[in-house]
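Q: Mind looking over this structure? Questions follow.
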Amino acid sequence: MVVQKQAVAARPPIAESWRRSRDAGVGAEVAAAPLVFDRDTVADARGAHPLDPHLPLLRDLLRHVADETEHLMVITDEAGRALWTQGPPAVRREAERIGLMEGFCWSEAAVGTNGIGTALATGRAEYVYATEHVAHVLHRWSCAGAPITDPDTGRVIGCIDVSATVAALHPATVALVAAAARLAESRLEVDMRRRDERLRERFLGQLRGAGVLVTASGRILAAAREDWRGVRLAVPSEGRALTLPDGRVALAEPLGEVYLLRPPSGTASGGHAAGRPVPDRRPLLTLALLGTDQPSARLDGVHLPLTLRHAEILALLALHPEGLSGDRLSWHLYGDDGSPVTVRAEIHRLRAQLGGLVRAKPYRLDCAIDADFLTVRRLLDEGDVAAAVRLYDGELLPRSDAPAVRAERDELAVRIRRSALDRGGADALWTYAQTEQGRADLEALERLRDVLPQDDPRLAAVATRRARLLDD
């Protein structure tokens, strides 16, 4: 396919975009943007997108352009798929003819040079006038778009665009969409700072002076060195060695939605935060009970293997921080067949591992607790579906027959599935589909088939799994 030639030399950004369009096989005959989301999928994608809470603010900023003139406002996701549009009826009718509406894809690979796709491709605000578009059908349109970057991950998550059926947009339009994108990023950064502060308040006592608290995206939240805060490391994963800014190597230990990096003992650098000694804190018991037949714990970073019964007891005590009587703990573990005598024997054996951290009358844990299943539940309560699904490694203690554990396991499995399907977005859905229950979830696979971009390599795995389930 051949991109049309212009009478005058194209601006460098446009010439580069034409080349990318040609390499993608997009020519002048494109009639409209392709439909990639149906109405239900658009609604799900909106709810899962981080810009959803900030849409009223963006609408207010662009309202006088998009509502009171002949302009259309479009907000897309990172792949150029339109999630929200706003504008007067006459312009919306014109836009429908070319697919400039919710559910259609405006990447360069789909329709060639345009304000949305070109801004996403370059990572900066761009404008495209009339015949600068590759597709002839877009020569009646001009548009300006600006990408939006997530301050937490550093990745582009969407684009704000203003389009109109005019030969050229007012020069201020480019500045307007760029300002709207910066405003969106500032609001996302406010949200991020609030999450950061909540995480610091929760885990700061576990640093023990030399540790480093890191987000799942690799940003340092807290450390002995104040000037390290905000520095970005490699994305952590459990047991992975990461290099700290001073050259030391530390291992990543998961703490819910963050990681604790513990440098080798005796290599602390920089003293205590802000010159103040870190107060003596209660020990931290970290429980890993999701999706595993070998539950385990860490006590201040020291690995502790757990029997299934001890894992059940710790899960129940974590669920009831106020404590449980012997009768109640027995009922939660064994149902009507339980006995407080049996419970006392198990508690005695558990104390051999945890010492005085297991208190009696009532039975309770005298330590800070970070349990993976409780973190997932809290994230669901807060509406952070993406983080909850990322941390959900599978069902709670899948081999347990304890009545209270079964009830918690079933409730959490239902909540995580429903949240992933209704508000999770493509990445969260894919992550859920990697769990044992998700791999056999036909509805999740069919939703993934609808929301993943057509060039996404994950689609092949989705199609294979879906066909296998339909054949069974």
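Q: Restricting to region 80-108, what's the tally of residues that are modelled with pLDDT of 95 or more, open to solvent by 20 Å² or more (accessible area, probe 1.4 Å) and under 30 Å from the mean Cα position of the chain (by Cα)?
A: Number of matching residues: 4.
Q: Quick one: which residue in Arg415, Arg423 is charged (D, E, K, R), in contact (Cβ under 8 Å) with a residue 12 or more places away in the chain, open to solvent by 10 Å² or more (accessible area, probe 1.4 Å) and closer than 30 Å to Gly338 by Cβ? Let's see the steps before the verdict.
A: Values: Arg423 fails: closer than 30 Å to Gly338 by Cβ.
Only one candidate qualifies: Arg415.
Q: Could you please find all residues in region 332-355 being closer than 18 Å to Pro403 by Cα, in contact (Cβ under 8 Å) with a residue 40 or more places away in the chain and open to solvent by less than 30 Å² (accessible area, probe 1.4 Å)?
A: Of the residues in region 332-355, the ones closer than 18 Å to Pro403 by Cα are 332-340, 342-343, 346.
Filter once more, keeping what is in contact (Cβ under 8 Å) with a residue 40 or more places away in the chain: 332-335.
Listed by number, the residues that qualify are His332, Leu333, Gly335.
Q: Here's something else I'd like to know. Whether any residue in region 166-177 is modelled with pLDDT of 95 or more, of a type in the set (Val, Ile, Thr) and part of a loop (DSSP other than H, G, I, E, B) is what I want to check.
A: Scanning region 166-177, I find no residue that is modelled with pLDDT of 95 or more, of a type in the set (Val, Ile, Thr) and part of a loop (DSSP other than H, G, I, E, B), so the answer is no.
Q: Scan region 448-472 residue by residue and report those that are of a type outside the set (A, V, I, L, M, F, W, C), open to solvent by less than 50 Å² (accessible area, probe 1.4 Å) and either under 20 Å from Gly80 (Cβ atoms) or in contact with a His (Cβ under 7 Å, 6 or more places away or on another chain) (or both).
A: Keep residues of region 448-472 that are of a type outside the set (A, V, I, L, M, F, W, C), which gives 449-450, 453-458, 464-466, 468, 471-472.
Now drop any that are not open to solvent by less than 50 Å² (accessible area, probe 1.4 Å), which leaves 453, 456, 465.
Within region 448-472, Pro453, Asp456 qualify.
Q: Scan region 184-200 for residues that are under 14 Å from Ile157 (Cα atoms) and in contact with a Leu (Cβ under 9 Å, 6 or more places away or on another chain) and report the count.
A: 3
Q: Please return the ranges of helices (runs of 4 or more DSSP H) entirely within region 12-122 where 3 or more residues are without any contact (Cβ under 8 Å) to a residue 40 or more places away in the chain. Step through it out loud before you land on a result.
A: On the way: elements: 12-23, 39-48, 55-66, 89-98, 108-111, 115-122.
Helices (runs of 4 or more DSSP H) meeting the threshold: 12-23, 39-48, 55-66, 89-98.
Q: Right, another one. Run Leu242 past the list (1) open to solvent by 50 Å² or more (accessible area, probe 1.4 Å); (2) part of a strand (DSSP E or B) and report the number of the one that doesn't hold.
A: Only one criterion is unmet by Leu242, namely (1).
Q: Right, here's the next one. Does Ala184 meet the test of being modelled with pLDDT of 90 or more, assigned to a helix (DSSP H, G or I) and open to solvent by 30 Å² or more (accessible area, probe 1.4 Å)? Lay out the reasoning, then the answer.
A: Details: modelled with pLDDT of 90 or more: yes; assigned to a helix (DSSP H, G or I): yes; open to solvent by 30 Å² or more (accessible area, probe 1.4 Å): no.
So Ala184 fails the test.
Q: Which of the residues belonging to region 147-182 are in contact with a strand residue (DSSP E or B) (Cβ under 7 Å, 6 or more places away or on another chain), among the polar types (S, T, N, Q) and under 21 Å from Asp427 (Cβ atoms)?
A: Thr149
The values are calculated or read from the model by the stated rules, or taken from the named source; none is laboratory data. For clarity, every value in this text was computed on a predicted model and none was experimentally measured. FYI the Cβ positions are ideal-geometry reconstructions off the backbone, even for glycines, and counts take in every protein chain you see. Just the protein is used for accessible areas: all its heavy atoms, side chains included, with ligands, DNA and RNA removed. Shrake-Rupley method; radii C 1.70, N 1.55, O 1.52, S 1.80 Å.
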